[in-house]
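This report refers to the structure that appears directly beneath it.
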């Protein structure tokens, strides 16, 4: 059994655990791989839709995991009870939705030893939510699959609320910069292009917003400075 690069990076960030809960499961491939390789003792694969769970049933049967994996229908963290899973994975969703899932079941999220998060969009929204609600970012990595780049974060609730950060930290995680992730230069280069387009758009407007222009230009400078250190 092989995982594609995105799921492999998520898998690599999962610590050894008793029960792994995969929220919004993708054919249950990730929890199946974790069980087969002994990273967790039991797993729960859940989804809000019946279709993915049907696919998950096939995976469970294919690898004879009926005694080790539970399949559950439900929204977000609702299918699991407090302290049932010591490691939770929430991957393949937008950053806004992930934030809402955590907030809706905040007590369950607080009890997990680690939560592995992989947002598809709105990473900045997710980071700010984590900082403002007492979640510490323990580790980060980038994954590249079919020319797309993905951020993967390992977080844990500590109750320590972060109040200060630079806008560049919302785009480029500090852990990524510290460890000089091999994909980070490409990630930053893509972000620089996005911000350059925004600058051009502001300048082309009839009444350019001077304050917005300055903030984006400052962000652009910080991104370029960070790229120079890699």
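The values are calculated or read from the model by the stated rules, or taken from the named source; none is laboratory data. Everything numeric here is computed off the predicted structure, so don't read it as measured data. Every residue, glycine among them, receives a Cβ derived from its backbone with ideal geometry; neighbour counts consider all protein chains shown.
Residues that are part of a helix (DSSP H, G or I) and touching a helix residue (DSSP H, G or I) at 6+ places or on another chain (Cβ under 6 Å) were ranked within region 190-211; the one that is farthest from residue 142 (Cα to Cα) is 202. Of the residues that make up region 41-60, is at least one in contact with a helix residue (DSSP H, G or I) (Cβ under 6 Å, 6 or more places away or on another chain) and touching a residue at least 40 places away in the same chain (Cβ under 8 Å)? Scanning region 41-60 turns up no residue that is in contact with a helix residue (DSSP H, G or I) (Cβ under 6 Å, 6 or more places away or on another chain) and touching a residue at least 40 places away in the same chain (Cβ under 8 Å). Of the listed requirements (1) assigned to a helix (DSSP H, G or I); (2) more than 30 Å from residue 88 (Cα to Cα), residue 187 misses just one: (2). Screening region 80-111 for residues that are under 14 Å from the mean Cα position of the chain (by Cα) and outside any helix (DSSP H, G or I) and picking the one that is farthest from residue 41 (Cα to Cα) gives 94. For region 112-126, the set of residues classified as surrounded by 23 or more Cβ atoms within 10 Å (Cβ to Cβ) and assigned to a helix (DSSP H, G or I) consists of 126 only. Among residues that are surrounded by fewer than 19 Cβ atoms within 10 Å (Cβ to Cβ), within 22 Å of residue 6 (Cα to Cα), within 15 Å of the chain's Cα centre (by Cα) and at pLDDT 95 or above, residue 148 is included. Considering (1) in contact with a helix residue (DSSP H, G or I) (Cβ under 9 Å, 6 or more places away or on another chain); (2) touching a residue at least 24 places away in the same chain (Cβ under 8 Å); (3) more than 28 Å from residue 148 (Cβ to Cβ), the lone condition that residue 66 does not fulfil carries the number (2).
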